[in-house]
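The values are calculated or read from the model by the stated rules, or taken from the named source; none is laboratory data. Quick caveat, the model's predicted, so the values are computed rather than measured. Cβ placement follows ideal geometry from the backbone for every residue including glycine, while neighbour counts extend to all protein chains displayed. Just so you know, the surface numbers come from the protein's heavy atoms only, side chains and all, with ligands and any DNA or RNA stripped out. Shrake-Rupley method; radii C 1.70, N 1.55, O 1.52, S 1.80 Å.
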Amino acid sequence: MLDFTRLSLFADIDPVTPWSLPTVGVRPLVLVAVLLTAITLWTYLGVPGMTWRRFCTVLTLRLLALLLTLAVVLRPSYAFHDDQQPPSTLIVAADASESMTIQDEYDNQSRWQLLLRTLRENEALLNRLRTEHNINVILHRFGSEVADFDPQGQADGKRTDFGDMLHTLYEKYRGEPLLRGLIVLSDGSDNGTQFPPLTLASQWRALPCRIDTVGFGNAATNEKQRDIAITALNPVPSPVPLKGELTINAMLDAHSFENAPVTFHVFIDDKEVPIDAILVNGQKVGDGKPRLGLTVGNDVKLKITAPSEPGEVRLTLKVDPLDGEITAANNEMSTYLTVTKEGVSVLLVDKARWEQKFIAMALAQDPRIRVFTVQLRRDENAPDANQAELFQFDKQHYDVIILGDVTAKQLTGGDPRILRTINNMVADKGSGFMMYGGLKNFGTGDWRGTPIDKLLPVGLDVDGQIEGSVKIEPTEAGLRHYIMNLADRLEDNKRIWAQLPDMPKGVTRLGQPRGLATVFARSQAGDPVLVGQAYGKGRVLAFAADTTQRWRRNPEGVAAHARFWKQIVLWLAHQEETSGNVWVKPDTRRLAAGGRLGFSAGMLGKGGNDLKDGRFDVKVIGPNNVETPVLTARDKGEDRGVFWKSDTPGEYRLVVRGTAKDADGQEINGETTARFLVYQDDAEMVRRAADHDFLKKLAAGGGGRFHKPGELARYLQELAAQPVSQGRQKAVSWPDWRRTSLSGFLPALLMLFVALLSVEWFLRRRWGLV
């Protein structure tokens with residue numbers, strides 16, 4: 001409400017052009033008005049039949065019309081300034097987590113009781129800020145999530161998540177024009193994991209909006225002693241391609257065990273797997289055991305290789321108990337992880353050639369494919385005695401092995417077991433194998449009679465090259481096969497193959513196809529160029545060309561080259577059939593009871609393309625077999641859903657059924673399941689001591705100060721005296737001639753002007769003065 005005791009009043013005019021110009025001004029307009037008045041007096045004085053009554057009546061009408069004209073020209077208004085401060089906003093966030101129930105304040109009060117008492121004692125000051133200083137004071141409570149403050153509520157939040165609080169309030173209030181500040185009332189025991197609070201504090205400072213903190217609790221209250229605890233576990237990426245690199249992100253506390261050596265174990269479905277690398281607080285651990293340097297919040301990253309079989313697995317991280325630990329129950333944490341079959345690891349071996357480089361570039365465009373390139377010496381007479389270590393067949397499983405222009409002697413380095421290993425990987429484990437053209441491989445090299453000779457789909461009884469320019473022409477079987485489909489339509493596929501450039505330097509001469517091998521492509525002279533077949537559990541290909549990079553002469557050729565090699569690899573890895581593959585990606589696989597789980601869902605068509613028009617039927621099955629349907633909606637290019645009925649701890653299953661149309665118009669469908677754990681979060685009460693140092697850092701990062709509860713009143717008084725840095729006073733005028741709402745007022749003035757002149761003329765005519 002406007003306070004008229006604090007208004008500054010004055011008259012104001014806003015003349016129209018040209019009277020508003022400094023070179024003209026209002027004075028000439030006044031002279032014109034005086035002159036018109038004088039002419040009017042001279043006109044009517046001495047006229048026959050003019051009495052003083054008639055003279056005054058006519059003169060009054062003329063002068064009123066003149067005044068209306070002057071009002072429109074000068075545009076006078078009644079103006080005033082409001083001396084009150086412009087409206088602003090003060091945000092108060094009260095910590096309502098379980099740690100606030102700890103009774104370590106004076107008179108055996110809990111931290112929450114003292115917080116409520118502090119707010120009651122300052123209620124009058126807060127009301128004065130509202131009524132006298134035009135400050136909108138808004139109170140919130142926060143724990144694991146932000147809500148409106150309820151003075152009758154309880155401190156029952158399962159986590160003190162400062163990052164979520166700062167992020168949520170920032171998104172809510174960053175559009176406010178005048179923010180006076182954010183006051184955080186808490187014990188400082190932060191255990192959020194999603195958003196970094198100190199980084200967000202600097203964002204608040206930049207709004208600008210300062211952050212002040214008020215600390216409750218005792219920093220020496222029953223600090224937990226001698227304990228290693230895993231507080232968070234998050235595998236990335238999730239889902240993970242099979243045999244892909246998996247990083248396990250974990251947070252650990254080390255109360256009284258700072259810098260003590262620890263031992264980590266990672267289990268996949270209760271089977272321990274090797275750890276490839278460990279990073280603690282950003283530092284890579286070399287020889288020896290890792291050490292947790294911080295009391296709380298040690299950031300640990302463990303890198304492992306994902307399982308080689310697709311499906312859902314249980315991932316467990318364990319830390320060996322240390323002597324003197326008060327409990328080992330929190331030394332272990334589990335979550336679920338989906339291993340997808342889209343992951344393909346490829347070993348690409350050749351000497352240094354452009355063909356190898358461009359094949360690797362083409363395969364790297366597909367995130368499902370991981371390429372390991374090895375370049376061997378050109379001199380086969382100088383083999384590497386440690387060649388087996390180079391390929392790491394004992395540590396790394398390869399879905400596909402591709403050999404270029406290398407000899408058996410170069411590949412083995414004098415160790416024939418490498419060739420037997422490759423043969424066994426194809427025959428017994430289902431890996432794919434391919435050899436492509438060169439001057440010293442196939443029949444020209446030393447491969448006859450080796451284990452590689454046995455698995456090749458062509459004989460090695462011929463050698464040499466097919467000289468000259470060679471055109472690769474798909475056979476009838478090839479045109480309809482997955483690896484040769486460079487377009488979805490048969491006609492487009494034929495056209496692209498016909499337009500691809502020839503192999504200008506010829507191709508390697510291949511022997512006759514063996515057994516049930518299929519010839520997918522021939523030269524224009526009929527020589528086999530691409531031949532494939534099954535070998536044991538695997539698939540094998542022989543490709544005579546070694547300069548396919550020459551296809552990359554235009555955008556269509558680049559796309560054809562990339563698609564050809566990607567399909568070669570996927571076919572060799574038995575992963576060409578992905579039609580109807582429904583996928584789901586939960587935001588997390590561990591959820592505190594009462595929390596919300598967001599997830600994304602989608603479908604892959606043939607060739608692994610993501611289908612955008614999928615329709616999904618989603619339900620979550622809880623630990624008591626209670627089914628809850630969940631709706632999904634398209635959001636930022638993906639289908640998203642949120643499950644929130646997670647009050648009961650235990651194992652939950654997220655079941656997604658999907659239907660979509662593939663690129664060829666055919667409708668496909670599928671189903672997938674993802675498990676996640678809902679646990680009763682007890683992290684809030686693990687650390688009972690207040691952390692005022694954190695509150696001081698938060699206030700410093702936000703441009704404010706740390707206060708004790710008794711100092712809040714003085715700070716609020718200082719806040720009331722502080723001027724608002726944003727905005728300025730604005731004069732209010734009536735009438736405001738520039739407002740569009742006066743559009744009906746000006747025509748009314750014109751009508752009144754015409755009416756005055758009409759009445760004046762009517763009276764003069766009636767009185768015989770005209």
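What to note about this one:
- The single residue among R552, R589 that is surrounded by fewer than 19 Cβ atoms within 10 Å (Cβ to Cβ) and touching a residue at least 60 places away in the same chain (Cβ under 8 Å) turns out to be R552.
- Considering the stretch 552-596, the residues that are aliphatic (A, V, I, L, M) and modelled with pLDDT under 90 include one that is farthest from L541 (Cα to Cα), namely A593.
- Which listed residue, of A633, A601, is without any contact (Cβ under 8 Å) to a residue 12 or more places away in the chain and among the hydrophobic types (A, V, I, L, M, F, W, C): A633
- Counting the residues of the stretch 634-668 that are closer than 26 Å to S144 by Cα, open to solvent by less than 90 Å² (accessible area, probe 1.4 Å) and part of a loop (DSSP other than H, G, I, E, B) gives 3.
- Test: residue in the stretch 326-339 that is outside any helix (DSSP H, G or I), of a type in the set (A, V, I, L, M) and within 24 Å of K409 (Cβ to Cβ): no
The rows are residues; the columns are (1) open to solvent by 10 Å² or more (accessible area, probe 1.4 Å); (2) part of a strand (DSSP E or B); (3) over 26 Å from G432 (Cα atoms).
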site: V266; (1), (2), (3): no, yes, yes
site: I275; (1), (2), (3): yes, no, yes
site: L322; (1), (2), (3): yes, no, yes
site: F372; (1), (2), (3): yes, yes, no
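- Some residue of the stretch 167-185 being out of contact with any Ser or Thr (no Cβ under 8 Å at 6 or more places or on another chain), among the hydrophobic types (A, V, I, L, M, F, W, C) and without any contact (Cβ under 8 Å) to a residue 40 or more places away in the chain: no
- Which numbered condition D415 fails, given (1) over 39 Å from the mean Cα position of the chain (by Cα); (2) of a type in the set (D, E); (3) open to solvent by 40 Å² or more (accessible area, probe 1.4 Å): (3)
- Screening S758 with (1) open to solvent by 30 Å² or more (accessible area, probe 1.4 Å); (2) at pLDDT below 90; (3) outside any helix (DSSP H, G or I) gives one miss only, at (3).
- Of residues in the stretch 129-162 being of a type in the set (D, E, K, R) and outside any strand (DSSP E or B), the one surrounded by the most Cβ atoms within 10 Å (Cβ to Cβ): D161
- Of all the criteria given as (1) modelled with pLDDT of 95 or more; (2) within 30 Å of Q666 (Cα to Cα), the one not satisfied by V540 is (2).
- Checking Q356 against (1) part of a strand (DSSP E or B); (2) at pLDDT 90 or above; (3) open to solvent by less than 30 Å² (accessible area, probe 1.4 Å), the condition it does not meet: (1)
- Residue that is farthest from the chain's Cα centre (by Cα) [pool: residues in the stretch 612-666 that are among the polar types (S, T, N, Q) and closer than 23 Å to L315 by Cβ]: T648
For every residue, the table says whether it meets (1) part of a strand (DSSP E or B); (2) modelled with pLDDT under 90; (3) not small (G, A, S).
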| residue | (1), (2), (3) |
| --- | --- |
| L68 | no, yes, yes |
| S77 | yes, yes, no |
| L90 | yes, no, yes |
| M100 | no, no, yes |
| D104 | no, yes, yes |
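- Residue in the stretch 416-424 that is touching a strand residue (DSSP E or B) at 6+ places or on another chain (Cβ under 7 Å) and over 18 Å from G511 (Cβ atoms) present: yes
- Lone qualifier among R120, R111, R54 - being surrounded by fewer than 16 Cβ atoms within 10 Å (Cβ to Cβ), modelled with pLDDT of 75 or more and of a type outside the set (S, T, N, Q): R120
- Failed condition for R705, given (1) modelled with pLDDT of 70 or more; (2) over 30 Å from P208 (Cβ atoms): (2)
- Reported count of residues in the stretch 244-264, each being open to solvent by 10 Å² or more (accessible area, probe 1.4 Å), under 22 Å from V346 (Cα atoms) and not β-branched (V, I, T), is 1.
- Residues that are buried (at least 17 other Cβ atoms within 10 Å of the Cβ) and touching a residue at least 60 places away in the same chain (Cβ under 8 Å), drawn from the stretch 485-508: N485, L486, I496, L500, V507, T508
- Checking the stated criteria, D446 turns out not to satisfy the condition of being without any contact (Cβ under 8 Å) to a residue 12 or more places away in the chain and not aliphatic (A, V, I, L, M).
- Every condition in (1) open to solvent by 50 Å² or more (accessible area, probe 1.4 Å); (2) acidic (D, E); (3) touching a residue at least 24 places away in the same chain (Cβ under 8 Å); (4) over 30 Å from N191 (Cα atoms) holds for D366 except the one numbered (1).
- Among the candidates T247, T231, T295, T316, residue that is polar (S, T, N, Q), assigned to a strand (DSSP E or B) and over 30 Å from P367 (Cα atoms): T231
- Matching residues, the stretch 597-610, being more than 15 Å from E671 (Cβ to Cβ) and either at pLDDT below 90 or more than 19 Å from the chain's Cα centre (by Cα) (or both): G605, K606, G607, G608, N609, D610
- For the stretch 462-473, the criterion of being in contact with a strand residue (DSSP E or B) (Cβ under 9 Å, 6 or more places away or on another chain), under 13 Å from G511 (Cα atoms) and crowded, with 22+ Cβ neighbours inside 10 Å is met by no residue.
- In the stretch 400-412 there is no residue matching the filter, namely being assigned to a loop (DSSP other than H, G, I, E, B) and open to solvent by 60 Å² or more (accessible area, probe 1.4 Å).
- The condition of being over 22 Å from A427 (Cβ atoms) and surrounded by 17 or more Cβ atoms within 10 Å (Cβ to Cβ) holds for only one of G532, G605, G511, that being G605.
- Residue list for the stretch 388-428, restricted to those being basic (K, R) and either at pLDDT 90 or above or under 17 Å from W565 (Cβ atoms) (or both): R420
- Qualifying positions in the stretch 163-177 - more than 16 Å from G704 (Cα to Cα), open to solvent by less than 20 Å² (accessible area, probe 1.4 Å) and either of a type outside the set (S, T, Y) or touching a His at 6+ places or on another chain (Cβ under 6 Å) (or both): G163, M165, L169
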